[in-house]
Amino acid sequence: ELTTDADVIERNRGAFAGWAMPNAWMAEGPASRTGIMHCCTANGARAIYYIWEHILHHDNGTLRVNLLMNRASHWADVDSHIPCQGRVDVRVKQPLALQVRIPRWTNLHNVRCLVNDTECPARFAGRYLLAGQVNPGDTVTITFPIAETGKYLEIESRFTAS
């Protein structure tokens with residue numbers, strides 16, 4: 001027999017499921033075949049790779065940090081302290097001009113930039129902080145307040161008292 005219900009969770013770690021129900025991968029018959037979405041094929045994993053790949057973009061001596069997530073590269077290493085703290089450290093490995101995209105929920109007036117623990121003026125081009133020319137061994141630290149919001153959402157409201 002080609003089917004088994006042994007170690008289902010362990011065998012699917014890292015997988016994607018469309019329209020998954022608590023026991024969807026253990027059901028038999030029509031309940032186990034509710035359809036497939038593109039995230040369930042290799043496209044979900046590919047999307048995660050594309051996000052990781054585009055955290056940084058290097059072109060003609062300029063490094064742009066597009067997403068404030070941890071990422072190592074041969075140009076610089078990005079160490080993000082988000083969500084615990086509004087801080088990102090960029091450890092430079094090659095001479096380059098550094099630009100760092102600041103999240104939309106951050107007021108640009110509250111952004112601080114330090115190069116090797118020395119504060120430098122925060123200049124911007126749109127949402128990108130222009131840290132300027134940096135050299136191997138430099139550490140650029142960018143800090144800003146973390147924004148907090150709260151929402152009350154009602155997911156399903158069809159319950160009636162009996």
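Summary of computed values
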| item | result |
| --- | --- |
| Segment 56-109: number of residues that are among the aliphatic types (A, V, I, L, M) and buried (at least 19 other Cβ atoms within 10 Å of the Cβ) | 13 |
| Contacts under 7 angstrom Cβ, first residue in segment 91-119 being over 29 Å from Glu148 (Cβ atoms), partner open to solvent by less than 40 Å² (accessible area, probe 1.4 Å) and among the small types (Gly, Ala, Ser), 6 or more apart | Val92/Ala76; Lys93/Ala76; Leu96/Gly61; Ala97/Gly61; Ala97/Gly132 |
| Selection count where residues are over 25 Å from Pro83 (Cβ atoms) and part of a strand (DSSP E or B), scope segment 103-129 | 4 |
| Test: residue in segment 134-157 that is open to solvent by less than 20 Å² (accessible area, probe 1.4 Å), closer than 22 Å to Trp52 by Cβ and in contact (Cβ under 8 Å) with a residue 24 or more places away in the chain | yes |
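The values are calculated or read from the model by the stated rules, or taken from the named source; none is laboratory data. This one's a predicted model, so the numbers in the text were calculated from it and none came from an experiment. Cβ coordinates were reconstructed from backbone atoms using ideal geometry, including for glycine residues, and neighbour counts include every protein chain displayed. These area figures cover heavy atoms from the full protein model, side chains too; ligands, DNA and RNA do not enter into them. Shrake-Rupley method; radii C 1.70, N 1.55, O 1.52, S 1.80 Å.
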